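The structure under discussion appears below in the form of structure tokens.
Each reported figure results from applying straightforward, stated rules to the coordinates on display, with no laboratory input. Since this is a predicted model, take the numbers as computed values, not measurements. Every residue, glycine among them, receives a Cβ derived from its backbone with ideal geometry; neighbour counts consider all protein chains shown.
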């Protein structure tokens, strides 16, 4: 999804890009930094005690936005009012829908599978989509 977001921001048509175009984006320093979840977790650990951090996954938030907001409110010890959420299902900044070029998925799975495993080990869970994409069903 980060690649599709980058295409949207750069006004690129993801549907016509080649595998090498996507690989160039994946190898950019900014993409690498945005994909280094372990480094993010390490940085959070250095600054905040665990009880002051709520970790949510993009996939989980968008799978059930109301439940995600309820979790955030609970974490913050703030009353949650589902009635105040009109328009919560509207998507903003939608990325393109495009098929991943053949071969790119294999490359990305190889590059990020260990990261997914480390995140699951550290956080105790990962989204179902990650488990499926990285073939981590047994974890």
Rounded to the nearest 10, the angle in degrees between the Cα long axis of helix 104-123 and the longest principal axis of the Cα atoms of the chain comes to 20
Helix 65-76 sits off the longest principal axis of the Cα atoms of the chain, rounded to the nearest 10 on a 0 to 90 degree scale, by 50
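Equivalent-ellipsoid semi-axes (√(5λ), Cα gyration tensor) for the chain, whole Å, largest first?
Values: eigenvalues 162, 88, 42 Å².
They are 28, 21, 15 Å, listed from largest to smallest.
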The simple spin-label model distance between residue 52 and residue 88, using points 7 Å out along Cα→Cβ, in nm, is 2.8
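Extension gain residue 114-residue 27, at 0.36 nm per residue separation less the Cα-Cα distance, in nm?
On the way: separation 87, 0.36 × 87 = 31.32 nm, distance 1.69 nm.
That works out to 29.6 nm of additional length.
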By the mean-Cβ-within-10 Å protection proxy, highest first, 9-21, 104-116 rank as 104-116, 9-21
The extension gain from residue 135 to residue 100, computed as 0.36 nm times the residue separation minus the Cα-Cα distance, is 10.8 nm
